[in-house]
Amino acid sequence: MILEFDKPTASGIVCVEGAAGNIYLESVADLERYKRIFSRLQSIALDPEGSAAMVTRIAATYEDRKDRSNGTGPFALPAACRPEGTRKK
């Protein structure tokens, strides 16, 4: 996350979130580096419609694998999570 402020006396801050905690970077060099990274990510990211279409395509492959496995393959629900009538004894 990049935080920038309107006041000329306040520089921006980069917050790098992680599993073990967050790191806050305040140097101008860090801010410029992360702005370039963020700009690059924005330039290659899919638009909302493209993202939704990709998620739909990927989800369909998981459903197809589950269907081919009769509910017992690696993408099927564990037996304890399946409805009563579909559990194998």
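The values are calculated or read from the model by the stated rules, or taken from the named source; none is laboratory data. Owing to the predicted nature of the structure, the values given are computational and were not obtained by experimental measurement. Positions of Cβ are generated from backbone atoms using ideal geometry, with glycine treated the same way; all protein chains shown enter the neighbour counts.
Right, Arg40: in a helix (DSSP H, G or I), at pLDDT 90 or above and not polar (S, T, N, Q) or not?
In short, yes.
Looking for something exposed (fewer than 11 other Cβ atoms within 10 Å of the Cβ), assigned to a helix (DSSP H, G or I) and modelled with pLDDT of 90 or more - is there at least one such residue anywhere in region 78-89?
Among the residues of region 78-89, not one is exposed (fewer than 11 other Cβ atoms within 10 Å of the Cβ), assigned to a helix (DSSP H, G or I) and modelled with pLDDT of 90 or more, which makes the answer no.
Search region 8-37 for residues being assigned to a loop (DSSP other than H, G, I, E, B) and aliphatic (A, V, I, L, M), and hand back the single one that is surrounded by the most Cβ atoms within 10 Å (Cβ to Cβ).
Going through the qualifying residues, I end up with Ala10.
What are the pairs, 6+ residues apart or on separate chains, where a residue within region 32-58 that is of a type in the set (S, T, N, Q) has its Cβ under 9 Å from a residue that is surrounded by 10 or more Cβ atoms within 10 Å (Cβ to Cβ) and not in a helix (DSSP H, G or I)?
Ser51/Ala45
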